[in-house]
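See below for the structure under consideration.
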Amino acid sequence: MALPTLLCIHGFPLDGSFWQPQVEGLSPVARVLAPDLRGFGTDRRPMPAAMQMEAYAADMKALLDAEGIDRVVLLGLSMGGYVAMAFIELWPERVQGLILCNTRSTADTGEGKAAREQTALDALSKGADVIARAMVPKVLSARTRSEQPEVARRVKAIMARQPREAIAAAARGMALRPDRTDALRRIAIPTLIVTGGRDELMPLHTSEAMHRAMPGSELVVIDAAAHLCSAEAPEIFNAEVAAFLDRIA
Ligand code: MLT
């Protein structure tokens, strides 16, 4: 039987290399695609001032079309989850399964939108390194930072090398996304929701709310992880994803 295609969509402000533990660990059970979202990593396409989640989703659809891939399992972490939710609303027929990690279906508050604009301005005026320094303590648990310093170094290095325009456009695009909770209620596709028990950016209630909106979904909480559970606890994370792929095969 052909392996399923797992399309991994990274969070903010990261790139496709973030998924290295999944590319290595899940390749025996899936064809793992881990592209750079527009403007991040090696992608040098022109950036609009604000990159909306639907525009990233359209890039992902174009990638599948170019590769001749009909259906995928979508795996999106945080901002990648926002992109996955936009994708599934637009092209549900292309999605065989959905994995939403450390994300939420609600829109930003007014305060949240203002903070996004400040992030965009800081990225443009001060550069990615400043953003990376501010984000690492928020996305990794204290335990991950002390017990797995190589994970903290890797995440910081990925963030610090992203182009400032890509960071600003993504921050502004996230501020424009709608509440997709009702759209989730209409999704009849097998869904796994994964989060970290110590995630302060997306507290557990954001995942529980998505789980409630999607009665057929499964919710897995990785206690030791914070916001980047696929990097902080890759073995547990990969085992959960592999088991899900097996269940929906
Ligand atoms: C991410 O990790 O992609 C971001 O923290 C998402 C967000 O800021 O809403």
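We did not get these values from a lab; they are worked out from the coordinates using the rules stated. Just so it is clear, the model here is predicted, and its values are computed rather than measured. Here Cβ is always computed from backbone atoms with ideal geometry, including for glycine, and neighbour counts include all displayed protein chains.
List of remarks:
- Taking θ as phi - 60° and the Karplus parameters 6.51, -1.76 and 1.60, the scalar couplings of the range 222-233 work out to 9, 4, 6, 9, 10, 7, 10, 4, 5, 8, 7, 9 Hz in sequence order, x denoting glycine and proline.
- Shape of the chain, Cα gyration tensor, a/c cut at 1.5: rounded
- Mean Cα-pair separation over length for the range 48-205, i.e. relative contact order, pairs under 8 Å, 6 or more apart, %: 34
- Charge tally in the Cβ shell below 13 Å around residue 31, where Lys, Arg are +1 and Asp, Glu are -1, residue 31 excluded: -1
- Taking amide H atoms as placed 1.01 Å from N in the peptide plane, the amide H of residue 99 lies under 5 Å from those of 74, 75, 76, 192, each 5 or more residues away in sequence or on another chain.
- By the rule of a C-alpha distance below 29 Å, with chain neighbours fewer than 8 residues away ignored, the lysines paired with residue 126 are 113, 138, 156.
- For residue 42, the shell of other residues with beta-carbons less than 10 Å away shows a net charge of -2, using +1 for Lys and Arg and -1 for Asp and Glu.
- Counting only lysines at least 8 places from residue 61 when in the same chain, there are none with an alpha carbon closer than 23 Å to its own.
- Across the range 1-119, Cα pairs under 8 Å and at least six residues apart give a relative contact order of 26 percent.
- Three-way shape label, the range 185-249, alpha-carbon gyration tensor, a/c 1.5: oblate
- The residues neighbouring residue 177, those whose beta-carbon lies less than 9 Å from its own, together hold a net charge of -2 under the Lys/Arg +1, Asp/Glu -1 convention.
- Inter-centroid distance (Cα atoms) of the range 84-149 relative to the range 1-56, Å: 14
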